[in-house]
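Worksheet for the structure shown next.
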2 protein chains.
Amino acid sequence: MGKCGQRYTQSRKEIVSAIAKYAQPVGIADLLNVLKELPQSSLYRNLTVLQEAGVVTRVMSSQDGGLYELAERLTGHHHHLVCSVCGDVRDVVVPDALEHDLDAALLRLAKREGFSLDHHRLDLIGRCAKCS
Amino acid sequence: MGKCGQRYTQSRKEIVSAIAKYAQPVGIADLLNVLKELPQSSLYRNLTVLQEAGVVTRVMSSQDGGLYELAERLTGHHHHLVCSVCGDVRDVVVPDALEHDLDAALLRLAKREGFSLDHHRLDLIGRCAKCS
DNA sequence: TTGCTTGCAAATGATTTGCACTGCT
DNA sequence: AGCAGTGCAAATCATTTGCAAGCAA
């Protein structure tokens, strides 16, 4: 991992690969369930470290308890389908053309507001197939 | 308000007008600070009711503690500039043309995924003028 | 008078932290 | 040796809830 003194320990590897196994953001409970021997305090601590290291990202869900996923630089840029009924979150990729137009427009907008844009976050809210 | 048996009580009016006074999403702490005589349990309870009544919306912030704002049907559709340094959230309106294209594209996308789209949420992440 | 509201205090649940200990390097 | 990582239990913070009393329709 590197820069500072963080080590890429066994636990951290396991956490990352556990998250990687899912095709969508994972909650703490699920992770604990998979990594049975890992105490939750360690999970939390490691997730924080991994976040700072830019390896994982925390996704805000309306449901309590945050969800975690691999950082975009590992998975590619994507957005989320958020089911407002069951709280399920799934990844989607929007067409490049749209993404491009969006970026251009948002950059212009941000500039006008004196805001230095880093990236954007786009969620589609609605009902998943199950909850329709 | 109406449909069910919810009443538009004094406290609720005060909460709504307190939120309305801000030009941006407000945190619980700020609200309590303005509505000094209101116990926080009542604040929480009333915010929940107001949310269900479609009057206020809860905005997820990376910082702990949610932020609240008036529902879009009262303020108009808008998005957020989120400062990743100080956590400040400010409203922005994006050009109609873009909004329109976005909606069209997202609707198509959602349909393809078997997801029934209700609305979208778009945040611009970066640094506000102060934190640049 | 029936049912929604309120306050208060206590309960919850998610996340964080202190501390002593283990393990890399 | 010296710093980073770990477990556990206790602490913290935001939010929720039970209950008895107040108020509006």
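For the Cα atoms of chain B, what angle does the longest principal axis make with the long axis of helix B:96-112, in degrees from 0 to 90, nearest 10?
80 degrees
Efficiency by 1/(1 + (r/R0)^6): what FRET value for B:Ala97 and A:Ile28, r their Cβ-Cβ distance, R0 = 41 Å, to the nearest 0.05?
Working: r = 41 Å, r/R0 = 1.00.
The value I calculate is 0.50.
Please order A:Glu52, B:Glu37 by the number of other Cβ within 10 Å, starting at the fewest. The partial results should precede the final answer.
Working: A:Glu52 12, B:Glu37 7.
If I rank by nearby Cβ atoms, fewest first, I get B:Glu37, A:Glu52.
When Cβ neighbours within 10 Å are restricted to other protein chains, what is their mean count per residue of peptide B:90-101?
Details: counts 2, 0, 6, 1, 5, 3, 0, 2, 8, 1, 0, 5.
Going residue by residue through B:90-101 and averaging, the value is 3.
Give the angle, between 0 and 90 degrees and rounded to the nearest 10, that separates the Cα long axis of helix A:40-52 from the longest principal axis of the Cα atoms of chain A.
40 degrees
If every alpha-carbon in the range B:1-76 counts as one equal scatterer, what log10 I(q)/I(0) does Debye give at q = 0.14, 0.15, 0.18, 0.19 1/Å?
Here log10 of I(q) over I(0) equals -0.40, -0.46, -0.67, -0.75.
Within 10 Å of each Cβ of B:107-117, how many other protein chain Cβ atoms are there on average?
Numbers: counts 2, 3, 8, 6, 0, 1, 7, 6, 13, 7, 5.
Per-residue shielding by partner chains comes out at 5.
Can you give the charge dipole size of the range B:77-132 about its Cα centre, rounded to the nearest 20 debye, using +1 on the beta carbon of Lys and Arg and -1 on the beta carbon of Asp and Glu?
Using Cβ point charges on Lys, Arg, Asp and Glu, the range B:77-132 gives about 200 debye.
What are the trypsin sites (Lys or Arg not before Pro) within the range B:31-122 that DSSP puts in a loop, where the Cβ has at most 16 other Cβ atoms within 10 Å? Walk me through the intermediate numbers first.
Numbers: sites: B:Lys36, B:Arg45, B:Arg58, B:Arg73, B:Arg90, B:Arg108, B:Lys111, B:Arg112, B:Arg121; in loops: B:Lys36.
Sparse-neighbourhood loop trypsin sites (Lys or Arg not before Pro): B:Lys36.
Find the centroid of the Cα atoms in the range B:60-82 and in the range B:108-124, then give the distance between the two in whole Å.
Between the Cα centres of the range B:60-82 and the range B:108-124 lies a distance of 18 Å.
Filter B:Lys13/B:Lys36; A:Lys21/A:Lys130; B:Lys36/B:Lys130; A:Lys13/A:Lys36 down to the pairs with a C-alpha to C-alpha distance above 26 Å, please.
Cα-Cα > 26 Å for B:Lys36/B:Lys130; rest within.
Select from A:Gly114, A:Gly54, A:Gly66 the residue whose mean-square fluctuation is largest in a Gaussian network model of chain A (Cα-Cα springs shorter than 10 Å).
Most flexible of the set in this elastic network: A:Gly114.
Along the charge dipole of the protein assembly as shown, which of B:Leu43, B:Leu124, A:Leu81 sits closest to the positive end, that is, farthest toward it, with unit charges on the beta carbon of Lys, Arg, Asp and Glu (+1, +1, -1, -1)?
Ranked along the dipole, the leading option is B:Leu43.
Please report Rg (one decimal) and Dmax (integer) in Å for the Cα set of chain B.
Rg then Dmax for chain B, in Å: 16.7, 51.
Take chain A, connect every pair of alpha-carbon atoms lying under 10 Å apart with a spring to form a Gaussian network, then pick out the residue of A:Leu67, A:Leu109, A:Leu81 with the largest mean-square fluctuation.
The residue that fluctuates most here is A:Leu109.
Could you work out how far apart the two model spin labels at B:Gln6 and A:Ala104 are, taking each label as a point 7 Å from the Cα in the direction of the beta carbon, and quote it in nm?
Simple spin-label model gives 4.3 nm for this pair.
Give me the net charge for the shell around A:Gly114: Cβ to Cβ below 11 angstrom, other residues only, Lys and Arg +1, Asp and Glu -1.
+4
Give me the dipole magnitude in Debye, nearest 20, for chain A about the Cα centre, with unit charges on the beta carbon: positive for Lys and Arg, negative for Asp and Glu.
Here the size comes out at about 340 debye.
By how many degrees, 0 to 90 and rounded to 10, does the Cα axis of helix B:10-21 deviate from the longest principal axis of chain B?
Orientation of helix B:10-21: about 40 degrees from the principal axis.
Normalized C-alpha radius of gyration of the range A:77-132, against 2.2 N^0.38 Å?
Compactness ratio reported: 1.39.
I need B:His80, B:His119 ordered by Cβ neighbour count within 10 Å, fewest first.
B:His119, B:His80
Hey, got the average number of other protein chain Cβ atoms within 10 angstrom for residues in B:74-80? Don't skip to the end; give the middle numbers.
Numbers: counts 0, 0, 0, 0, 0, 5, 1.
Mean shielding count: 1.
Once you treat every alpha carbon in the protein assembly as shown as an equal point and sum by Debye, what is log10 I(q)/I(0) at q = 0.10, 0.13, 0.15, 0.16 Å⁻¹?
Rounded to two decimals, the profile gives -0.59, -1.00, -1.27, -1.39.
Compute the label zone of B:Asp118 within the range B:53-67: residues whose backbone N is under 18 Å from the point 7 Å along Cα-to-Cβ.
Under 18 Å, as judged by backbone N against the label point of B:Asp118, lie B:53-61, B:67 of the range B:53-67.
In debye, nearest 20, what is the charge dipole magnitude of the range B:1-76 about its Cα centre with +1 on Lys and Arg Cβ and -1 on Asp and Glu Cβ, if you could check?
300 debye
Read the figures in this text as sums done on the coordinates, not as results from a lab. Only a predicted model underlies this, so the values are computations on that prediction, with no experimental measurement involved. Cβ coordinates were reconstructed from backbone atoms using ideal geometry, including for glycine residues, and neighbour counts include every protein chain displayed.
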